[in-house]
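Take a look at the structure below.
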Amino acid sequence: CRHFKIKGKVQGVFYRRGAQQQALALGLTGRAFNVRDGSVEVTACGEKEALDRLEEWLWEGPPRAQVEDVESWTVPFKPFTDFLIS
């Protein structure tokens, strides 16, 4: 699993929904959620190649997003059964 913290204009632009769609298309499980500081955090679990492709998308985001930074780090496996937005 990998955890991402995305900074920039990423709330109110359908960023979490887009991340969910990308993750599901890549066969990943996990979740995306807004943080009070204006960032979005994503935890995703699956194959390394799929996680790399998700990270590439996270740098772009949906059309109205303005991504300034994406931090990522490995986290212990979590048994997600879907990709949720919270």
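The values are calculated or read from the model by the stated rules, or taken from the named source; none is laboratory data. Since we're looking at a predicted model, the values are computed, not measured. Reconstructed Cβ throughout: ideal geometry from the backbone, glycine too, with neighbour counts over all protein chains shown. Only protein heavy atoms, including side chains, enter the accessible area calculation; ligands, DNA and RNA are left aside. Shrake-Rupley method; radii C 1.70, N 1.55, O 1.52, S 1.80 Å.
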Point to revise | Long-range amide H partners of SER39 with built H, under 5 Å | key: none
**Study point:** Scaled radius of gyration (Cα, divided by 2.2 N^0.38 Å) that segment 1-75 gives
**Key:** 0.96
Study note, to complete from the structure: The ³J(HN,Hα) series, computed from each phi in segment 14-26 with the Karplus coefficients 6.51, -1.76 and 1.60 at θ = phi - 60°, rounded to the nearest Hz and given as x for glycine or proline, is 6, 5, 4, 4, x, 4, 4, 4, 5, 4, 5, 5, 8
Exercise for review: List the equivalent ellipsoid semi-axes of segment 35-86 in whole Å, largest first, each obtained as the square root of 5λ for an eigenvalue λ of the Cα gyration tensor.
Suggested key: 20, 14, 11
Practice item. Report the chymotrypsin sites (Phe, Trp or Tyr not before Pro) located in the chain that are in a DSSP loop and have at most 10 other Cβ atoms inside 10 Å of their Cβ, or state none. Key: PHE77
Study note, to complete from the structure: Here, trypsin sites (Lys or Arg not before Pro) of segment 1-42 satisfying both criteria (DSSP loop; at most 12 other Cβ within 10 Å) are ARG36
Point to revise | Relative contact order %, the chain, counting alpha carbon pairs below 8 Å whose residues are six or more apart | key: 47
**Study point:** J(HN,Hα) series, segment 34-50, from Karplus relation 6.51 cos²θ - 1.76 cosθ + 1.60, nearest Hz, glycine and proline x
**Key:** 6, 10, 4, 6, x, 8, 10, 10, 10, 10, 9, 10, x, 5, 4, 4, 5
Point to revise | Per residue value of the accessible surface for the chain (all protein chains in place, 1.4 Å probe), Å² | key: 59
Point to revise | CD proxy at 222 nm, helix term only [per DSSP H run n ≥ 4: -39500 (n - 2.57); per residue of the chain; nearest 500] | key: -8500 deg cm²/dmol
Check your understanding: Using a basic spin-label model with each label point 7 Å from the Cα along Cα→Cβ, how many nm lie between TRP59 and ARG36?
Key -> 3.2
